[in-house]
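This report refers to the structure that appears directly beneath it.
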Amino acid sequence: MSDAPAEQAAVLKLTGITKRFGALLANHAINLELYPGEIVALLGENGAGKTTLMNILFGHYVADEGTVQIATADGGLRPLAQGSPQAALKAGIGMVHQHFTLAENLTGIDNILLGTRSLLSPIASKRSARTRLDKIMRESGLTVDLDTRVSRLSVGEQQRIEILKALYRDARVLVLDEPTAVLTPQESENLFQTLRSLADEGLSIVFISHKMAEVLSASDRIAVLRHGELVADLPSELCDRNMLADIMVGRHLEPEARSEVEKGPALLKLSGISTGHGRDALHNVSLQVHGGEIVGLAGVSGNGQGALARIISGLELPRSGSMEIDGRRLKPAPRAVMREGLVRIPEDRHRDGIVGEMTVAENLVIEDVRSRAFQSFGFLDFAAIDKRAGDAIDAYDIRCPGGDAVARLLSGGNIQKIILARTLDKEPKVVLAAQPTRGLDIGATEDVHRRLFEARARGAAILLISEDLDELFQMSDRIAVIHRGKVTLPQETATLNRSQVGLMMAGQESEDAA
Amino acid sequence: MAQEEKLKVAAIYTVPVEQQWVSRIHKALNAAQERGDITYTFSENVANTDYERVMREYAEGGMDLIVGEAFAVERAARNVAKEYPDTAFLMGSSFGPAKPNFAVFDNWIHEPSYLTGMIAGKATKSNVIGMVGGYAIPEVNRLMNAFIEGAREVNPDVKFLVTFINSWYDPPKAKEAAFAMIDKGADILYAERFGVSDAAKEKGILAIGNVIDTAGDYPGTILSSALWHMEPTIDKVIDDVASGNFEPADYGPYSYMAHGGGSFVVDETLADPEAVKAAKEKEQEILDGLFRVNVNDEEPKSTL
Amino acid sequence: MIEILDILVNPNFWAAAIRIATPLIFGVLGALICERSGVLNLGIEGIFTAGAMAGWMAVWLGADLWTGVAVAAAVGGAFGLLHAVLTVPFGLSQHVSGIGVTLFATSLSYFAYRTALPDVSSPPRITPFQPLKIEGLSDLPFIGTALFQQTPLTFLALFLVLAVAFILNRTPLGFAIRAVGDNPAAVEAQGLSVFGLRVGAVIVGSALMAIGGAFLTMSAFDAFFFGMVNGRGWICIALVVFASWRPGKALLGALLFGAFDAFQVRLQTEVGAFVPGQIFLMLPYLLSIFALVVAARKADYPRALLKPYFKGQR
Amino acid sequence: MIRFEPRENVSTRRAVGAPVFAALIALSLAAIPIWAAGADIATAYILMVNGAMGSVFAISELLARATPLILTGLAAAVAFRAKLWNIGGEGQLYAGALAAVAVGSGGFALPPYALIPAVLVAGALAGALVMLVPTLLKVKLGADEVVTTLLLNFVILLFVQMMLEGPMQDPMGMGWPQSEPVLEEAMLPQLIARMRVHAGLIVALVAAIFAAILMRRTVWGFEIRAVGANPSAARHAGIPVTATFVRVGLLSGAFAGLAGVGEVAGLKGYLTADLSPGFGYAGIVVAMLAGLSPLGVVIAAIFVAGVFVGADSMSRALGVSSYLADLVVAMSLLCVLISGLFVRFHVRIGGSRLTD
Ligand SMILES: Nc1ncnc2c1ncn2[C@@H]1O[C@H](COP(=O)(O)OP(=O)(O)OP(=O)(O)O)[C@@H](O)[C@H]1O
Ligand SMILES: Nc1ncnc2c1ncn2[C@@H]1O[C@H](COP(=O)(O)OP(=O)(O)OP(=O)(O)O)[C@@H](O)[C@H]1O
Ligand SMILES: [Mg+2]
Ligand SMILES: [Mg+2]
């Protein structure tokens, strides 16, 4: 279908899509058309309804009202059976979910072939499939080793498998939910180049993202959801960051500017730390973070950030080397580290940040239940806990039914606010912030940035681990780069530019860094 | 106790009524019911946590006579009995009777066991006899020892293999145990438990039956059997209770051959005539009270 | 010590080991299939009983042996369906549903048996499967006795090990089952039915378990009696982990169990075997715990095991 | 296609009503086997109710049977709360019983007043230690506890048999595999003269209240719930995960051990290898019926015990196979389980709702 004349007949048409979850109206009367060969960016705050809409399109959810129509061979439209991913796949719709849908105990090719042939066929020769996939990989540039178990692939490679899944079933429409939330700048760039070339082939693409820059650069058209309603659907060239923010959040957002704060003593000191083996190892890492400064640690994820974070949080003790907080060595135990005044904003907030099944209130005090403030003789002081919850919810504007709401049901942004509240309110000496804005909408992102600056102003030493160069350059006083477990000397942000850091992340020593 | 109306009898078994030991009691009570002497109800496979409750329920339910096996529940059984003096209890037990109303019985078929031993002792060619039992308790040891003595009398150099499967009712396990003995050269098996004769049949050797007559189930395999008949015991106790002169006595003797509680059968087509003759003579002596089979409750051990 | 050698070199010993292992092979394969699809099936103990009873009853009522096996499988499948419905679409706790099914299947079998045969003095018997004599093979010196004097069901079990291994590792169906046990969302996103695959796997797995039970009443023995399964099902659950969800290793584990059991039975008849038999009966359990600790480093652990999957719920 | 939509707020009326309703359905289903056995259904039900609560005796029996179920139920409830899948209640129960007998049969010279406490402590300790092993294997070596606890059941049962045929066999026992009797002073007193319900019931109720308070109102309970719901996040938040698992394991095992104590020192008087008709496994179901709530466990246990005792005496009175009791219990369990579903979800088939 690639040589079909573009810009005429819509390949996909959503009409009056409405979806309720209990009382909540996730999508409301949404109309959206998609034409061959175009890339549409779907934008909106956390919880605006983007994923829901796409899930309806792909048949994971059934819309309460509205229809999904797909182009037929003769250019007409036919309704698509709802609630059936099978039907969607048949109709040529492919989806790359935010949280990948891969069986990690299978190889890439087996994941791709899953469901593409009769379950009853006795034997599975992959020869023909392989030749076809090789062709697809060559054309799209999405090369990846098809015979390694998915569990051993990097996030980027896994995402390629996801896209190959769609292309192998020669999709006409490709949906990607926050594809770059977990990718490095380089990986993101490559991805969008690929998507563009695929679009030129006639593929229609919808991607969800919270990152203005890529939305503006990579899309032909931008659709904005707010509280489940489609509030804008414009050609990209007519848009700019601020107007989108206005449409999305309904208020004007200015990036926080970095105020001057004078440097304090070195509060976090790592010397000669080595640990682990394989991709996620550290080799003789030394790093100092002073009070009142933010040191950004740039790096492709999986280059040792994990190990570093674990060691700093006291979850793991290094093979060699030592760590000091405010000049005091300490024994590696989360509790001990916390007592010394170090707090963490974990990278995977759903896994390490909150206990989804417990209430917002409980999650707000979980780090301090043993402190006199919330218990006496081992018995919980519910009054104090509730008060604490109430205060935090107001102070941090955590959007939730109340302190006794189950945390799992909050959006990533609000989950992150819980974590900020319980960590930064302790007026910590050292803050370890790992990917603190991943997957968050700009509103929530600004919020996180403001809070970190406040902590900095208070004189805290902040180590900001991030893959988002915009964020790093906006926030950091100094920037260090981690690659293959080695960390470069931090350098003043002013003396660096994006391309240098990009290169260093990719492993090349930048000229004037040596 | 009212004479005219039927005696109400209940039995409580800790195993299913198929279990050979229990099946004899069950059979005798059913027979009495057929005759119209009694009305009979029973509970089988009663977990011994529940045994006491069941006893009480029957007692409360106005049973005249309660039959059962107190073996694993001695204390409870005896306590309950004390509390229902108007009810007669007849319990299988290794211990003695107790006032006011706790009578006991047991399968005293050591005499026929001795006779089957005489047959087996002559019949074995490998001079190795395998014996598979449940638990090494008096009831079992007694019979095995009698069997061993009988065999030794006619064949001094016969050797024995003994295994206890530590279960009352696990035929496949008994069968495996029996196979193991055949591997070790046993050519006759003493089948104290279900499953042993199956092994014998499968490997085409002979087996000695115990308690019940399984010759029909294993044609050409059962050489000889020591049978137990509960009828004399049951009929006696029913009689005593009905006529109102029930005493907490030991009804064990009613399992002796003299009372017809035990009997000896042999498959003449399989056994050696000499041996049969000898055994029959010995049987007569026992019946005439001229020969007493020793009662030895020691655990028998392998002698090979 | 010399006796021990005697035992080990005796082909009959190995024959016994294989015989004792056979029901376990069926059971462990069944449990393995269920768990590979993400469903723990603690109903196994009861399904064993139901299979033993149903298969036997069918034959006793006049069906031929293989029909009996089929009936057992069908009954097992039915209980499997029950467990599957409770745990897959309904998403109830797999532990509880499983134990519930065990209680239900066991008590139903006993009740049915007793109601059908109110008073039997000794358990009624059928003519069970006879050892299969294979010309030439059966007469081979050692192997012949050890391996080729087993009943057909044993050979079926051994064949199934290969079949299951092949299906899981080579066919699209196998990949789908492994995938759904690892990440149901992946299967859903590829247009396959999570429910279909899991329910199917549990039904088939349960059918195998039931055949394991049928072996007891139609091959190892020729009658049904109460408490006959006594723990064999649970053992299979353990063996699956011991085997780290691999059919080949599962066979190994089952044989190991069989060998230990056959061994302790034989050792008892040895003069002066003062070591209590229980010690030997304990060994396989302790061994699998040990194996679990060292070997089974969660190699192919089905990540979605025990996790119910609801469409469109995160 | 069946679909489920979680309920935001569950009304107590529904939460209580559904299981009760389900129980009634289950009991009516019991009519099928009763009918199959050819008994009169109406009388059957009357007998069943009488058998369960028609007399002081019946109630005493009901409570006596509920006692171990409450304790094994608690054992499962606390452990499952931390996602520590203790399937080993049966083994821990036997361990507790064994220890109780060892101490209670005069093995150690203890003054009479110290005997009962000693027996309780010994039993609880034994159960706890048995559960400690799989717990440590889990936290230290990552060995799946479902399997290890399950396997230990058999190991322990075999060990008990070994003891009963060896060192701990009753010399007066005529070679029967049974232990020496527990001394009179060491026996838990009966609550009603000549009835079987014993002080173990008090122990069980106290344990339930203790567990309820621990889980809801204490820091330890908080930590247990956190670890159960998300161990990784709990560890990041500085909660001592390993210690918490060990605590839970010990507590769970101790409860199961106490169940064993009750059975030997409260009812039986001595130990045999067939002491428990699967109380350990039943406990898991009881816990789940109770939604892992300690106080709910008490109710669930009484329900299960009631159904069994009632159906059991009914089957006896009618001369129907006594396996009917287990069957009715099993059916009730399944029905109540399913009902839980309608409490937590709206169930839709196709587009239309089954339940509002
Ligand atoms: N499975 C579900 N059950 C109930 N409510 C849901 C479910 N999924 C989403 N919602 C609700 O629908 C709203 C929209 O969710 P959706 O995932 O579409 O947001 P989103 O735009 O993808 O947010 P984000 O940018 O964080 O991914 C959310 O506020 C959420 O409360
Ligand atoms: N099971 C659920 N029930 C109700 N709402 C849900 C459920 N799962 C997710 N949501 C809502 O869906 C929206 C998007 O969920 P999602 O997990 O995508 O959050 P997020 O902001 O995207 O965080 P992240 O991007 O880190 O996953 C959120 O508003 C969340 O509250
Ligand atoms: Mg989303
Ligand atoms: Mg998101």
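Only the coordinates and a few stated rules stand behind these numbers; no lab work does. If you're wondering where the values come from, they're calculated on a predicted model, not measured in any experiment. Cβ atoms come from the backbone with ideal geometry, glycine included; neighbour counts cover every protein chain shown.
What the table below lists for this structure:
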| read-out | value |
| --- | --- |
| Integer Hz, Karplus 6.51/-1.76/1.60 couplings in order for the stretch D:197-209, x for Gly and Pro | 4, 10, 4, x, 4, 4, 3, 4, 5, 4, 4, 4, 4 |
| Projected label distance in nm at A:Asn242 and D:Gln169, using a 7 Å step from Cα toward the beta-carbon | 9.5 nm |
| Under 28 Å from B:Lys282, Cα to Cα: lysines that are on another chain or at least 8 residues apart | B:Lys122, B:Lys125, B:Lys159, B:Lys236, B:Lys301 |
| 5 angstrom amide H check on A:Ile465, placed H, neighbours 5+ away | A:Leu297, A:Ala433, A:Ala434, A:Gln435 |
| Extreme residue, positive dipole direction of the protein assembly as shown, given options D:Ala124, C:Met282, A:Ile273 (C-beta unit charges) | A:Ile273 |
| Cleavage-rule hits, GluC sites (Glu not before Pro), the stretch A:431-514, DSSP coil, Cβ neighbours within 10 Å at most 16 | A:Glu509 |
| Candidate lysines for bridging to D:Lys268, where Cα separation is under 21 Å - those fewer than 8 sequence places away on the same chain excluded | B:Lys82 |
| Links that overshoot a 25 Å alpha carbon limit, given the list A:Lys269/A:Lys331; A:Lys417/D:Lys140; A:Lys126/A:Lys165; A:Lys331/D:Lys83; A:Lys90/A:Lys135; A:Lys211/A:Lys426 | A:Lys417/D:Lys140; A:Lys331/D:Lys83; A:Lys211/A:Lys426 |
| DSSP beta bridges in the protein assembly as shown [antiparallel fraction, %, rounded to 5] | 45 percent |
| Packing-based order for D:124-137, A:125-138, using average beta carbon neighbours within 10 Å, highest first | D:124-137, A:125-138 |
| Computed FRET value (nearest 0.05) for A:Glu492 with A:Ser217, which takes r as the C-beta separation and R₀ as 41 Å | 0.90 |
| Gained length - A:Asp397 relative to A:Asp470, 0.36 nm times residue gap less alpha-carbon distance | 23.8 nm |
| Cα long-axis angle, helix B:171-183 against chain B (0 to 90 degrees, to the nearest 10) | 20 degrees |
| At R0 = 56 Å, FRET efficiency that the Cβ-Cβ distance of D:Thr12 and C:Leu8 yields, to 0.05 | 0.30 |
| Other-chain or far-sequence residues with amide H under 5 Å of A:His290's (modelled H) | A:Leu267 |
| Label-point separation, B:Glu247 to D:Thr242 (7 Å along Cα→Cβ), nm | 7.3 nm |
| Straight-distance crosslink candidates among lysines, where the alpha carbon sits under 25 Å from C:Lys133 and sequence neighbours closer than 8 are dropped | B:Lys173, B:Lys175, B:Lys184, B:Lys201, B:Lys203 |
| Three-way shape label, the stretch B:167-285, alpha-carbon gyration tensor, a/c 1.5 | oblate |
| Segment D:Ala31-D:Ile192, length gained on full extension (0.36 nm per residue, minus Cα span) | 54.6 nm |
| Kyte-Doolittle mean at least -0.5, axial Cα span of 18 Å or more - DSSP H helices of chain A | A:155-168, A:382-396, A:442-457 |
| The stretch A:354-425, dipole about Cα centre (Lys/Arg Cβ +1, Asp/Glu Cβ -1), debye to the nearest 20 | 100 debye |
| Tensor-based shape of the stretch A:153-278 (alpha-carbon gyration tensor, a/c under 1.5 rounded, otherwise prolate or oblate) | oblate |
| Distance in nm between pseudo-label sites at B:Asp235 and A:Asp64 (7 Å out along the Cβ direction from Cα) | 8.4 nm |
| Label-reachable residues, the stretch D:218-260, where backbone N falls under 17 Å from a point 7 Å from A:Ser376's Cα toward its Cβ | D:218-219 |
| Area projected by the alpha carbon convex hull of the stretch A:354-425, averaged over all directions, nm² | 4.3 nm² |
| Within the stretch A:207-279, GluC sites (Glu not before Pro) in DSSP loop having at most 13 other beta-carbon neighbours inside 10 Å | A:Glu260, A:Glu262 |
| Three-way shape call for the stretch A:123-180 based on the alpha-carbon gyration tensor, with the a/c threshold at 1.5 | oblate |
| A:Asp147-D:Val206 FRET efficiency (beta carbon distance; Förster radius 35 Å; 0.05 resolution) | 0.05 |
| Exercise: per-residue mean of other protein chain Cβ atoms within 10 Å, C:281-290 | 5 |
| Percent antiparallel among DSSP beta bridges (both partners in chain B, rounded to 5) | 15 percent |
